[in-house]
Each structure stands twice: as C-alpha cells, then as structure tokens.
Amino acid sequence: MANIKSAKKRILVTKRRTLENKIIKSRVRTAISKFEKNLAEGNIDNTRAALINAIRELDKAYSKGTLHRNTVARKKSRLYAKFNALNA
C-alpha cells in the first residue's frame, strides 16, 4: 500500500474506474450475445431490436472512453454484416 496521499487516491480512483469499465464491457457483451441469440433463431423483428440495443451499448462504451473508436466501429460493422446476411 502506498504511503503518499495522492498515490492512495490514485489507487482508489483506479479501482472505481476499473469497476465501471468492467460493468460497461459486460453490458456490451450481453447485448451482443442477445443479438446473436436472436439471429440464430431467425426472428427479424427481435433481431433488429437487439441490434439497435447492441449498437446503443457500443456507442455508450465509446462515449465513456471504455472502448476505442476503431474497436466499436469493427464490432458494429460485424453486427451489421450478420444482420444484413439474415435479410438477404
């Protein structure tokens, strides 16, 4: 454990931010898995709703600084490609 006051504070802030990032990433993974589950079932309406939710969660993760812009773009692109393949 650190002895300097600022170092102690940094440890606490890091723990809090790590927990927040973990929660955000978990929400993203859950939204993507729900999309893939609906995609496997083949119901277009439920899949579209799950896609919109997954995109929203990804955008939130980017705006909070948890995920990088390119990571979000890659994941969104792959989700859209899977959804468009279902429609084709």
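Looking for something charged (D, E, K, R), part of a helix (DSSP H, G or I) and touching a residue at least 24 places away in the same chain (Cβ under 8 Å) - is there at least one such residue anywhere in segment 10-18? Looking for residues that are charged (D, E, K, R), part of a helix (DSSP H, G or I) and touching a residue at least 24 places away in the same chain (Cβ under 8 Å), one finds none in segment 10-18, hence no. Of everything in segment 8-52 that is among the polar types (S, T, N, Q) and surrounded by 13 or more Cβ atoms within 10 Å (Cβ to Cβ), the residue that is farthest from Lys75 (Cα to Cα) is Asn43.
Taking into account only those residues within segment 48-88 that are β-branched (Val, Ile, Thr) and touching a Lys or Arg at 6+ places or on another chain (Cβ under 9 Å), which is farthest from Arg17 (Cα to Cα)?
Filtering segment 48-88 for residues that are β-branched (Val, Ile, Thr) and touching a Lys or Arg at 6+ places or on another chain (Cβ under 9 Å), the one farthest from Arg17 (Cα to Cα) comes out as Ile55.
The set of residues in segment 46-75 being among the charged types (D, E, K, R) and more than 11 Å from the chain's Cα centre (by Cα) consists of Arg48, Arg69, Arg74. Tally the residues that are part of a helix (DSSP H, G or I) and touching a residue at least 24 places away in the same chain (Cβ under 8 Å), restricting the search to segment 31-55. Summing the residues that are part of a helix (DSSP H, G or I) and touching a residue at least 24 places away in the same chain (Cβ under 8 Å) in segment 31-55 gives 11. Does Leu58 count as assigned to a loop (DSSP other than H, G, I, E, B), of a type outside the set (Ser, Thr, Tyr) and out of contact with any Asp or Glu (no Cβ under 8 Å at 6 or more places or on another chain)? Judged against the criteria, Leu58 is not a match.
Just so you know, all these numbers are worked out from the coordinates, no wet-lab data involved. Note that the structure is a prediction, hence the values are computed from the model and not measured. Cβ coordinates were reconstructed from backbone atoms using ideal geometry, including for glycine residues, and neighbour counts include every protein chain displayed.
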